[in-house]
Amino acid sequence: MNLKKRVLVGSPIRQEPLILREFLESLKELKQETVELNFLFVDDNDNMLSSQILNDLAKTMPNVMIYKHTSSDYYMRDETTHSWNEQLVWKVAQLKNMIIQIALEFNYDYLFFIDSDIVLHPQTIEQLKSAGKEVISEVFWTKWQPNFPELPQVWLEDHYTMFYKQRNEQLNKEEALRRQEQFIQQLREPGVYEVGGLGACTLISRSAIEKGVNFKEIKNISFWGEDRHFCIRAAVLGIDLYVDTHLPAYHIYRESDLKGVREFKLSNGLIV
């Protein structure tokens, strides 16, 4: 009798071929000890080679589904940053909501959303599942600008605030920085911690989906990005958000970050 939990791994993809190959390779290596993985990729690529890479994968893996989405919008990324606009954000939100609906209709136990520029540790989904949370992300670290320090993709409050304060509490700059550093250092220690916002590498339980989590815009909130609207909605629904820091993922935010993939795998004992 198969007692494994069914997990749908979902990802809207518009990605450069070299980064996409590393992403897909890490997905192929995911362990399935207590889970059974199926993959749903939304092909939104504007690079024909990237679409071909997805199609080739589907021919060799029986548990891969590809939904072709054609759009004419332009997404700019370079060695400095990624440039999003409102149209792109809510297009991605719509695609993610489609994946949520499929996970619900086909009775998956979990949905794992993963951005297509992430390289995972093979035990990631097993680790996230073992935490027993309704919504939990694995941490990864990014220099959002080339000269910035590495910061996590999770936060505590509002748009991207990494420290707690009482609503009427007035903090000077030094105290705010001290609390932020305390939070960042905590995330460097292996554990499971409650957060206020997360995204890009997230395991969502069926119970959370049934309660109504989704990425639809909350029209009276001006915060940027579909992940923030997802997190606010989850909190209103009474769903706590968590981050796991046992197996940090690696973010290929720029093509120059590709050179760090080997070091990531070496440091995790994935290659010798």
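The values are calculated or read from the model by the stated rules, or taken from the named source; none is laboratory data. This one's a predicted model, so the numbers in the text were calculated from it and none came from an experiment. Reconstructed Cβ throughout: ideal geometry from the backbone, glycine too, with neighbour counts over all protein chains shown.
General remarks:
- Screening Ile204, Ile209, Ile252, Ile218 for residues that are without any contact (Cβ under 8 Å) to a residue 24 or more places away in the chain and under 23 Å from Ile99 (Cβ atoms) leaves exactly one candidate, Ile218.
- Filter result (surrounded by 11 or more Cβ atoms within 10 Å (Cβ to Cβ) and either among the aromatic types (Phe, Trp, Tyr) or part of a strand (DSSP E or B) (or both)) within region 143-183: Trp144, Leu151, Pro152, Trp155, Glu157, Tyr160, Thr161, Phe163, Tyr164, Phe183
- Selection over region 184-216 of residues that are of a type in the set (A, V, I, L, M) and part of a strand (DSSP E or B) gives a count of 4.
- Residues of region 1-15 satisfying the condition of being in contact (Cβ under 8 Å) with a residue 40 or more places away in the chain and surrounded by fewer than 18 Cβ atoms within 10 Å (Cβ to Cβ): Lys5, Arg6
- When Phe163 is tested against the conditions (1) within 30 Å of Trp90 (Cα to Cα); (2) out of contact with any Ser or Thr (no Cβ under 8 Å at 6 or more places or on another chain); (3) modelled with pLDDT of 95 or more; (4) of a type outside the set (S, T, N, Q), the lone failure is (3).
- Matching residues, region 231-268, being surrounded by fewer than 21 Cβ atoms within 10 Å (Cβ to Cβ), outside any helix (DSSP H, G or I) and among the charged types (D, E, K, R): Asp240, Arg254
- Residues satisfying the stated conditions in region 129-142, i.e. part of a loop (DSSP other than H, G, I, E, B) and either of a type in the set (Phe, Trp, Tyr) or on the phi < 0 side of the Ramachandran plot (or both): Ala131, Lys133, Glu134
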